[in-house]
1. Which percent, to the nearest 5, of DSSP beta bridges fully inside the chain are antiparallel?
2. Return the sequence-ordered ³J(HN,Hα) values of segment 10-20 in whole Hz as given by the Karplus equation 6.51 cos²θ - 1.76 cosθ + 1.60 applied to θ = phi - 60°, using x for Gly and Pro.
3. If the cut-off is a Cα-Cα distance under 17 Å, which aspartates and glutamates reach Lys44, setting aside same-chain residues fewer than 8 apart in sequence?
4. What fraction, in whole percent, of alpha-carbon pairs in segment 2-131 exceed 21 Å separation?
5. Sequence gap at least 6, Cα distance under 8 Å: using those rules, report the relative contact order of segment 2-131 to the nearest whole percent.
6. Sort Ile327, Ile123 by Cβ crowding within 10 Å, fewest neighbours at the top.
7. Which of Leu49, Leu275 has the fewest other C-beta atoms within 10 Å, and how do the rest follow up to the most?
8. Explain nothing, just the number: relative contact order of the chain, from Cα pairs under 8 Å at least 6 residues apart, as a whole percent.
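Values quoted throughout were computed directly from the atomic coordinates according to the rules given, and no laboratory measurement underlies them. Everything numeric in this text was worked out from a predicted model, so none of it was measured. Methodologically, a virtual Cβ is constructed for each residue, glycine included, from the backbone with ideal geometry; neighbour enumeration extends over all protein chains shown.
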Amino acid sequence: MRFRTRFVSFIVIIQSVLFLTHFFLYETWIFSTAGDPRSSSWLKLAVSLLSVSFVSASVLAFRYTNPLVRAYYRAAAVWVGLLTFLLFASVCSWIVFGIAQLAGLSLNFHRTVEILYAAGALIGLYGVFNANWTRVTRATVQLANLPEAWRGRRAALVTDLHLGHVRNGNFMRRMVAKILREEPHAIFIGGDLYDGTAIDAKSAAEPLNQLSAPQGVYFVAGNHEQFGDDSKYLDAVKAAGVRVLSNEKVEVDGLQIVGVPYRQAARDGVLASVLHAVGLDRNRASILLTHAPDHPAIAEAAGFSLQLSGHTHLGQFVPWSWMARRIYRQFVYGLSRIGKMQVFTSSGAGTWGPPLRLGSNPEIVVLEFV
């Protein structure tokens with residue numbers, strides 16, 4: 001009951017924010033046209049429908065999966081992403097209008113709004129294009145006490161694919177092909193393979209059957225797998241031949257690899273207890289695979305050499321990228337260091353919510369160990 005109440009409250013808050021944002025855009029446009037009655041009535045109806053599209057699509061997406069729901073969700077998700085840039089355009093329009101008024105300048109406010117709205121829409125559409133252009137990012141990682149067998153070996157890190165109503169099995173097949181072209185010695189899947197929406201988990205994970213690496217393919221669950229019971233997701237990943245790591249350590253040619261799923265890793269006391277229990281040898285190189293870079297200080301204190309994570313998406317696009325940097329600081333993206341441990345945080349291969357990226361790129365990471 002408490003979860004349902006919190007969920008309803010969250011939905012109400014999100015819907016209220018979306019309604020106010022759409023109202024602001026509508027009022028900006030109507031004011032700029034001096035309230036032309038010929039356009040205001042149909043525009044009001046269109047804005048009203050758009051304001052409820054994303055919440056209604058999300059509710060449907062968590063219950064149903066069929067072509068109609070998927071198409072509706074994709075369209076609504078793209079729109080809510082474009083909305084961010086149109087909101088910036090509205091605010092800029094009023095700033096320009098205010099400056100012109102104070103300076104006593106004559107300004108065609110409607111033309112200003114048209115230009116800025118068009119610019120906002122074009123920037124947003126570029127973000128949609130960019131979100132579908134997956135890069136391969138390469139980095140070299142120096143690890144102390146690295147086993148001789150691992151010197152020069154490469155590992156692929158892929159996180160946050162978010163398979164669901166926007167991206168599905170076809171996207172997964174493309175990612176698998178990209179990874180295999182790199183011929184990595186090991187492959188790490190760092191969580192949020194699924195989006196958490198209604199999906200045939202086994203079918204979506206089937207392309208993972210093609211993934212292979214001499215030193216193994218490993219997976220840890222992210223928060224989107226663990227919104228509720230994660231068994232259907234984990235069973236699908238296991239059925240595809242991928243090793244699921246859950247609070248455990250494996251040793252591969254002398255390298256210690258530990259996987260901790262999001263639910264345990266998100267709580268600092270639990271994470272410390274789990275890492276203590278795995279029996280890490282501090283005198284040998286080790287990798288911690290966990291979804292989010294939430295508590296790197298705990299991993300460093302436990303004696304790990306390298307932590308591999310995702311989760312942040314580097315914010316996907318402004319203003320969320322600014323917020324992500326504020327929350328995760330130097331661990332928001334790329335290779336960083338805390339004490340004796342290094343942390344690599346990937347921006348992820350997919351998207352959550354709006355399928356847009358601006359200021360961040362979808363990626364597969366290839367790490368070379370030296």
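1. Roughly 30 percent of the beta bridges in the chain run antiparallel, per DSSP.
2. 4, 4, 4, 5, 4, 5, 5, 4, 5, 5, 5
3. Straight-line reach from Lys44, under 17 Å: Glu27, Asp36.
4. The answer is 51 percent, as a whole percent.
5. 26
6. Ranking Ile327, Ile123 by Cβ neighbours within 10 Å, fewest first, gives Ile327, Ile123.
7. So the residues, fewest neighbours to most, are Leu49, Leu275.
8. Value for the chain: 20 percent.
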